[in-house]
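Only one structure is covered here, and it is reproduced in the block below.
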Amino acid sequence: MFNEIDFSKIDTAGAPPTDDAGRQYYYMAKLATMVTLKEQELGRPITYCLQTFGCQMNEKQSEVVAGIMDEIGFKRQDTENADVVIYNTCTVRENANLKVYGRLGKLHSLKKSNPDMKIALFGCMMQEKQVVDKIQKDYPFVNLVFGTHNIFKFAELFYEMENRDSQLIDIWEGTDKIVEELPTERNYSFKSGVNIMFGCNNFCSYCIVPYVRGRERSREPEAIVKEIEALVADGVTEVMLLGQNVNSYGKTLKNPVTFAQLLEKVEAIEGLKRIRFMTSHPKDLSDELIEYMGKSKKVCHHLHLPMQSGSSRILKVMNRHYDKEKYLGLVEKIRKAVPDISLTTDIIVGFPGETEEDFQETLDVVEKSCFDTAFTFIYSKRSGTPAAKMEDQVPEDVVKDRFDRLLKLVQEKGREASSRFEGEVQEVLVETESKEKGIFTGRTQYNLLVHFPGTPDLLGKYINVRLDTCKGFYYMGTQV
């Protein structure tokens with residue numbers, strides 16, 4: 001547990017504090033008393049299940065919700081047959097929404113057998129009005145609905161939910177608040193994500209994120225450094241700096257700080273061994289950042305640089321603010337500064353109006369950039385975005401054919417790029433044990449996964465592993 005607090009020192013008989021963090025601890029203390037009484041009444045622990053859909057930003061926010069639930073006294077379990085079920089939702093693609101609706105159907109059956117079960121939904125999906133309307137109409141058994149801007153209010157909302165019979169919905173259209181010092185239950189003891197900013201100002205024509213996460217707002221560098229120092233003191237050796245576009249970090253601060261300057265401050269933290277970050281936007285990838293990556297001793301040699309399309313015409317319609325030539329120029333710059341860089345990307349196939357000629361431009365960039373891997377997606381129409389209203393939606397069979405051709409090339413080039421390390425011995429941070437007992441998974445500084453025989457005492461440690469066989473974007477290896 002990160003940021004534990006002594007609830008006995010909180011006066012819950014009086015009015016709640018006016019400061020945001022203090023107010024939430026006040027409600028946590030009141031909830032802790034309620035949970036204790038409930039456990040005594042039932043003669044068993046009170047359980048919760050938290051499931052996260054979507055990106056690493058969602059994972060980080062779920063850690064805060066888990067920290068609050070654990071601090072209150074709930075016991076976490078993996079199955080949804082729990083006293084409280086919480087979904088952190090994603091809406092970047094329609095399938096993510098459909099997955100949540102499907103889960104809610106199953107939860108309805110569970111709740112019929114356990115009427116006291118509480119169900120809470122939050123995250124990006126809940127920022128869409130049509131979704132909230134549907135929840136109200138078709139899923140009235142859901143107890144609490146909130147979005148992305150008021151996650152810090154979770155304890156207060158949970159307390160209000162526990163003291164009412166009707167559905168509680170609290171959606172904010174936006175916020176400039178950044179609330180620090182909330183409890184966090186990390187997924188790993190030795191590595192952690194750290195939010196450095198929230199929101200997005202880019203408004204790519206296909207993307208719903210700016211509408212559900214709001215405008216960019218950066219955390220003060222001092223607060224970020226303070227959090228990482230506390231994490232390192234608690235055993236963390238690797239951090240992932242998170243933002244929708246980390247390259248534009250610091251622009252909204254009263255005293256602007258560049259992302260490269262932030263990295264320098266983080267690198268100075270004693271005891272921290274590795275620094276990762278995502279996601280970078282090509283339009284804001286500065287020469288300063290590229291130069292810093294080349295000289296840094298802690299920033300991992302991996303850069304995720306979403307391309308989306310290789311066609312300058314399509315990139316303009318996507319509102320990406322760069323063209324094919326600029327993207328290839330960035331690839332050349334980063335490879336010159338960091339010759340062994342592992343470069344990964346995102347690519348969308350079938351964007352409205354995409355022609356075969358446009359698609360060939362994408363294949364050309366894949367050929368020239370030598371990505372270690374690319375995350376390929378079929379364009380998903382998201383209502384509320386400009387692209388959803390565009391004409392010339394590409395026929396499904398054409399998109400499928402292009403996707404298959406792209407995937408084949410990506411896998412071929414990725415295997416070629418990743419295999420350059422075959423036979424080398426590299427340092428690996430051991431992260432998990434696989435389902436196959438005795439086989440462990442670690443990650444190199446290049447973000448390559450390595451599977452190798454090991455023992456549980458290796459978890460969280462840095463060890464040397466020989467990369468025996470390349471299997472694409474992962475290796476089979478042997479500890480040395």
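Here are some notes:
- Any hit, region 220-232, residues being free of Cβ contacts under 8 Å to residues at least 24 places away in the same chain, in a helix (DSSP H, G or I) and touching a helix residue (DSSP H, G or I) at 6+ places or on another chain (Cβ under 9 Å): yes
- Matching option when the condition is crowded, with 19+ Cβ neighbours inside 10 Å, within 24 Å of Ala32 (Cβ to Cβ) and hydroxyl-bearing (Ser, Thr, Tyr), among Thr184, Thr148: Thr184
- Of all residues in region 17-32, exactly one satisfies the criterion of being surrounded by 14 or more Cβ atoms within 10 Å (Cβ to Cβ) and more than 15 Å from Phe154 (Cα to Cα), namely Pro17.
Residues checked against (1) at pLDDT 95 or above; (2) closer than 19 Å to Ile228 by Cα:
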position	(1), (2)
Leu241	yes, yes
Val246	yes, yes
Tyr249	yes, yes
Thr252	no, no
Ala268	yes, yes
Met278	no, yes
Lys283	yes, no
Ile290	yes, no
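- Residue satisfying all of: in region 387-400; surrounded by fewer than 16 Cβ atoms within 10 Å (Cβ to Cβ) and either touching a Leu at 6+ places or on another chain (Cβ under 8 Å) or not charged (D, E, K, R) (or both); farthest from Met125 (Cα to Cα) among these: Val398
- Flag if Val410 is more than 24 Å from the chain's Cα centre (by Cα), outside any loop (DSSP other than H, G, I, E, B) and under 29 Å from Ser309 (Cβ atoms): no
- Within region 284-331, the set of residues being closer than 24 Å to Gly414 by Cα and polar (S, T, N, Q) comprises Gln308, Ser309, Ser311, Ser312.
- Given (1) in contact (Cβ under 8 Å) with a residue 40 or more places away in the chain; (2) surrounded by 18 or more Cβ atoms within 10 Å (Cβ to Cβ), number of the condition Phe452 does not satisfy: (1)
- Of all residues in region 332-366, those being surrounded by fewer than 22 Cβ atoms within 10 Å (Cβ to Cβ), farther than 20 Å from Gln411 by Cα and among the hydrophobic types (A, V, I, L, M, F, W, C) number 3.
- Cβ pairs under 8 Å, 6+ apart, first in region 60-78 and without any contact (Cβ under 8 Å) to a residue 24 or more places away in the chain and under 20 Å from Gly43 (Cβ atoms), second crowded, with 21+ Cβ neighbours inside 10 Å and among the basic types (Lys, Arg): none
- Filtering Val394, Val317, Val331 for residues that are under 27 Å from Ala96 (Cβ atoms) and part of a helix (DSSP H, G or I) leaves a single hit, Val317.
The values are calculated or read from the model by the stated rules, or taken from the named source; none is laboratory data. Here the structure is a predicted model, which is why all the values come from computation and not from measurement. Ideal geometry is used to build each Cβ from the backbone, glycine not excepted, and the neighbour counts take in all protein chains shown.
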